Amino acid sequence: MRTLTVLGSTGSIGTSTLSVIRRHKERYRVFALVAGHNAELLLNQIIEFRPRVAILATEEGRSQLLAGLEESRLDRRDWPEVFSAPQARIQAACATEVDIVVSAIVGVEGLEATYAAVKAGKRVGLANKEVLVAGGSLVMDAVRQCRAELIPIDSEHNGAHQCLRAGQSSEVMRLILTASGGPFRNTPVEDLAQVTPEQALNHPTWKMGNRITIDSATMMNKGFEVIEACWLFGLKPSEIEVVIHPQSSIHAMVEYKDGSVVAQASTTDMRMPIQYALTYPDREQAPVPRMDWASKRVWEFYPPDLAKFPLLGLARQAMKSGGSATCTLNAADEVAVEAFLQRSIRFPEIAEVVAETLAKISSPPARSIGDILEIDGQSRRLAQQLVNRRATVCAGRAGS
């Protein structure tokens, strides 16, 4: 029996994690469920999985959850301790009772608790991109020092993790990450200024949260994955290639010295990589659709258009620059994406805001979580100023 804390239990990765646990209740139990604002869904999860701790982002959410518990038929002896303080997330992640932490909180909000889990030597199933994009050096140093396990849940990195089991790290020539290309892979670059948030949120393959869906549309998501892969697998940006693969059947490939290319292919169901992170190095039967090899299929591969998707190149450059540049990259992107969703800036201006923020913010190495959060805050403030300037110009044009 292994015990878990799920950071981000009400999001898509969190609910998929609980779906895996539901099928294997004889092997896994839940110690803590950490959610954002969805008190109603968290209540249902508590009733089913009976965690000892439940955490929401705000005191208002905590009050709603307690009211829901009062109205439920759950015996008070089965109620969890309920918290809303950020420190409670950290305690839930590094509690001695916990064997595995699934890190699925979106944004840098998940960084401190995930870092605490690593420092405590836990196995961490990592689905939070910002942990390594913003704090890769710090986190990976802690992984080595504390002998923690970091198993990626993101489909591409999980696929790479599986492919890398086929040989020695010294035998690897390059890693190839695949990208669906998002909703605008066939859209002419001159038409991107007119795209709407609704169009950008219409991903052709995956159903995800708003920010990651927009990042997929700009291909920033793939840039983040290049950065993550550098930290996870000890590779240079030049050793990682990105190819467009619209069918999203192959998630990653590794080319070895002898010319062999090992690929990981599966249907698009996040329960498989989640279960892999829980059971590694073993494999178990997973509740996912199987690939139908009796049906005719075509798999396409072609290079990304960096002129259309400049954020992929910016991400590579930020990783090469070192220091805290990738922290700034992430912070600026989050601000710009939110501005686009609010219709304050146009789609191509997401990349403009990120590029200008990177050019204006210095990138000293981050030596602590506090350093990372400070750089993150500085970058966000500057990015917001750049957004406001563009929004004012846009409003002026609309009024003229």
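The values are calculated or read from the model by the stated rules, or taken from the named source; none is laboratory data. These figures come from a predicted structure and were not determined experimentally. Cβ: placed from backbone, ideal geometry, glycine included. Neighbour counts: every protein chain shown. To get the accessible areas, we keep the full protein, side chains included, count just its heavy atoms, and leave off ligands, DNA and RNA. Shrake-Rupley method; radii C 1.70, N 1.55, O 1.52, S 1.80 Å.
Of the numbered criteria (1) at pLDDT below 95; (2) over 15 Å from GLN264 (Cβ atoms), the one GLY223 fails is (1). In the set (1) surrounded by 15 or more Cβ atoms within 10 Å (Cβ to Cβ); (2) touching a helix residue (DSSP H, G or I) at 6+ places or on another chain (Cβ under 7 Å); (3) at pLDDT 95 or above, the condition left unmet by CYS146 is number (1).
Okay, residues lined up against (1) in contact with a helix residue (DSSP H, G or I) (Cβ under 8 Å, 6 or more places away or on another chain); (2) over 17 Å from ALA277 (Cβ atoms):
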site	(1), (2)
THR10	yes, yes
LEU42	yes, yes
ILE47	no, yes
LEU56	yes, yes
GLN64	yes, yes
ALA92	yes, yes
ASP99	no, no
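All of (1) charged (D, E, K, R); (2) under 18 Å from VAL387 (Cβ atoms); (3) open to solvent by 30 Å² or more (accessible area, probe 1.4 Å); (4) more than 18 Å from the chain's Cα centre (by Cα) hold for GLU338 with one exception: (4).
Of the residues that sit in region 260-275 and are open to solvent by 50 Å² or more (accessible area, probe 1.4 Å) and part of a loop (DSSP other than H, G, I, E, B), which one is modelled with the highest pLDDT? Can you show your working first?
So in region 260-275, the residues open to solvent by 50 Å² or more (accessible area, probe 1.4 Å) come out as 260-261, 263, 268, 271.
From what is left, the residues that are part of a loop (DSSP other than H, G, I, E, B) are 260, 268.
Numbers: SER260: 97, THR268: 84.
Looking at the filtered set, the residue picked out is SER260.
Given the criteria closer than 22 Å to VAL243 by Cα, part of a loop (DSSP other than H, G, I, E, B) and over 19 Å from the mean Cα position of the chain (by Cα), does ASP305 qualify?
Values: closer than 22 Å to VAL243 by Cα: yes; part of a loop (DSSP other than H, G, I, E, B): yes; over 19 Å from the mean Cα position of the chain (by Cα): yes.
Yes.
Scanning region 309-324 for residues that are at pLDDT 95 or above, of a type in the set (Gly, Ala, Ser) and surrounded by fewer than 23 Cβ atoms within 10 Å (Cβ to Cβ) yields one hit, GLY313.
If you check ALA134 against the conditions, is it closer than 24 Å to GLU338 by Cα and either assigned to a loop (DSSP other than H, G, I, E, B) or touching a Gly at 6+ places or on another chain (Cβ under 6 Å) (or both)?
It is false that ALA134 is closer than 24 Å to GLU338 by Cα and either assigned to a loop (DSSP other than H, G, I, E, B) or touching a Gly at 6+ places or on another chain (Cβ under 6 Å) (or both).
Mind listing whichever residues of region 372-386 are over 24 Å from the mean Cα position of the chain (by Cα) and open to solvent by less than 20 Å² (accessible area, probe 1.4 Å)? Outline the logic, then answer.
Restricting attention to region 372-386, the residues satisfying the condition of being over 24 Å from the mean Cα position of the chain (by Cα) are 385-386.
Within region 372-386, just LEU386 meets the criteria.
Among the residues of region 245-258, write down those that are out of contact with any Lys or Arg (no Cβ under 8 Å at 6 or more places or on another chain), on the phi < 0 side of the Ramachandran plot and either crowded, with 17+ Cβ neighbours inside 10 Å or not acidic (Asp, Glu) (or both). Within region 245-258, HIS245, ILE250, HIS251, ALA252, MET253, TYR256, LYS257 meet the criteria. A residue that is of a type in the set (A, V, I, L, M), open to solvent by 50 Å² or more (accessible area, probe 1.4 Å), more than 19 Å from the chain's Cα centre (by Cα) and at pLDDT below 95 occurs nowhere in region 284-293. Each residue in region 10-33 was checked for being out of contact with any Phe, Trp or Tyr (no Cβ under 9 Å at 6 or more places or on another chain), crowded, with 24+ Cβ neighbours inside 10 Å and under 21 Å from PHE83 (Cβ atoms), and 3 pass. Can you pull out the residues in region 34-70 that are open to solvent by 10 Å² or more (accessible area, probe 1.4 Å) and not in a helix (DSSP H, G or I)? Passing the criteria: GLY36, HIS37, ASN38, ARG50, ARG52, VAL53, ALA57, THR58.
Just the residues that are open to solvent by 50 Å² or more (accessible area, probe 1.4 Å) and not basic (Lys, Arg), please, taken from region 207-244. Please lay out each step first, then the result.
Within region 207-244, the first condition is being open to solvent by 50 Å² or more (accessible area, probe 1.4 Å), and the residues that meet it are 207-208, 210, 212, 231, 234, 236, 238-239, 241.
Of everything in region 207-244, those that are open to solvent by 50 Å² or more (accessible area, probe 1.4 Å) and not basic (Lys, Arg) turn out to be MET208, ASN210, ILE212, TRP231, GLY234, SER238, GLU239, GLU241.
Please indicate, with yes or no, whether at least one residue in region 183-201 is closer than 22 Å to GLY136 by Cα and either surrounded by fewer than 14 Cβ atoms within 10 Å (Cβ to Cβ) or of a type outside the set (Gly, Ala, Ser) (or both). No, region 183-201 contains no residue that is closer than 22 Å to GLY136 by Cα and either surrounded by fewer than 14 Cβ atoms within 10 Å (Cβ to Cβ) or of a type outside the set (Gly, Ala, Ser) (or both).
Figure legend. Inter-residue proximity from region 146-170: first residues farther than 21 Å from VAL98 by Cβ, second residues modelled with pLDDT of 95 or more and of a type in the set (S, T, N, Q), beta-carbon distance below 7 Å, spacing 6+ or different chains. Indicated pairs: GLU156/THR178; GLY159/GLN264; GLN162/GLN264; CYS163/GLN264.
For region 344-371, residues that are without any contact (Cβ under 8 Å) to a residue 60 or more places away in the chain, surrounded by fewer than 17 Cβ atoms within 10 Å (Cβ to Cβ) and not in a helix (DSSP H, G or I) total 2.
Kindly evaluate SER266 against the criterion of being farther than 24 Å from VAL106 by Cβ and small (Gly, Ala, Ser). Before you say what the answer is, go through the steps one by one.
Working: farther than 24 Å from VAL106 by Cβ: no; small (Gly, Ala, Ser): yes.
It is false that SER266 is farther than 24 Å from VAL106 by Cβ and small (Gly, Ala, Ser).
Report the residue count in region 84-119 for those that are open to solvent by 40 Å² or more (accessible area, probe 1.4 Å) and either at pLDDT below 95 or within 21 Å of ALA366 (Cα to Cα) (or both).
Keep residues of region 84-119 that are open to solvent by 40 Å² or more (accessible area, probe 1.4 Å), which gives 85-87, 91, 94, 96-97, 99, 106, 109, 112, 115, 119.
Within this subset, residues satisfying the condition of being either at pLDDT below 95 or within 21 Å of ALA366 (Cα to Cα) (or both) are 85-87, 106, 109, 112, 115, 119.
The total comes to 8.
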